[in-house]
Amino acid sequence: MKAASARNQRSVVRIVGALILAIAAIGVFFGMAPRSTTSDAAISSVLLDDSINQKAASGAPQQSVVNGWTARDLLTIIARQGEQRDDRPAALLTLLVLGMAMYVSTSATQRRPRRRASESVNDESSPSSPHLGTNGAAS
């Protein structure tokens with residue numbers, strides 16, 4: 001009766017813990033998603049500046065300079081996008097470790113009481129142990 005109650009408690013703890021971990025994983029996945037800091041307005045602004053400067057350029061050397069400015073501005077935007085970090089894998093791994101710890105701590109283990117050294121020797125009065133005769137053969 002006592003073992004069944006403990007088993008039921010462990011299963012309830014596992015179910016509640018699994019639900020909490022699942023909700024936390026969903027929250028981590030969507031809540032910690034990196035935010036895009038680059039807007040379409042920044043890219044449009046660079047491209048608008050490029051078209052205005054291209055119209056003002058009268059020769060190949062000036063067009064090369066304008067293309068360099070545009071490339072620099074677009075690379076700056078790309079670099080800002082690369083600065084964003086995604087911390088979700090580390091947080092999800094932490095939740096996985098917590099889930100494994102919960103599983104191990106609630107797993108059903110049968111613990112046998114330790115036997116004393118004096119009890120480990122076969123008792124002659126025990127019906128399950130064979131009696132050895134004087135010549136070492138079982139009687």
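The values are calculated or read from the model by the stated rules, or taken from the named source; none is laboratory data. Nothing here was measured: the structure is a model prediction, and the numbers come from that model. All Cβ positions, even for glycine, are placed from backbone atoms using ideal geometry, and neighbour counts span all protein chains on display.
Would you say Arg7 is basic (Lys, Arg), under 29 Å from the mean Cα position of the chain (by Cα) and farther than 30 Å from Val104 by Cβ? Against the criterion (basic (Lys, Arg), under 29 Å from the mean Cα position of the chain (by Cα) and farther than 30 Å from Val104 by Cβ), Arg7 does not qualify. Of all the residues in the range 57-90, those that are part of a loop (DSSP other than H, G, I, E, B) and either at pLDDT 90 or above or not acidic (Asp, Glu) (or both) number 5. Exactly one residue out of Gln9, Gln54 is part of a helix (DSSP H, G or I) and touching a residue at least 12 places away in the same chain (Cβ under 8 Å): that is Gln54.
Only one of Ser129, Ser105 is among the hydroxyl-bearing types (Ser, Thr, Tyr), surrounded by 10 or more Cβ atoms within 10 Å (Cβ to Cβ) and modelled with pLDDT under 65; which? Answer to the selection: Ser129. Residues in the range 35-50 that are surrounded by 12 or more Cβ atoms within 10 Å (Cβ to Cβ) and either in a loop (DSSP other than H, G, I, E, B) or of a type in the set (Ser, Thr, Tyr) (or both): Thr38, Ser45.
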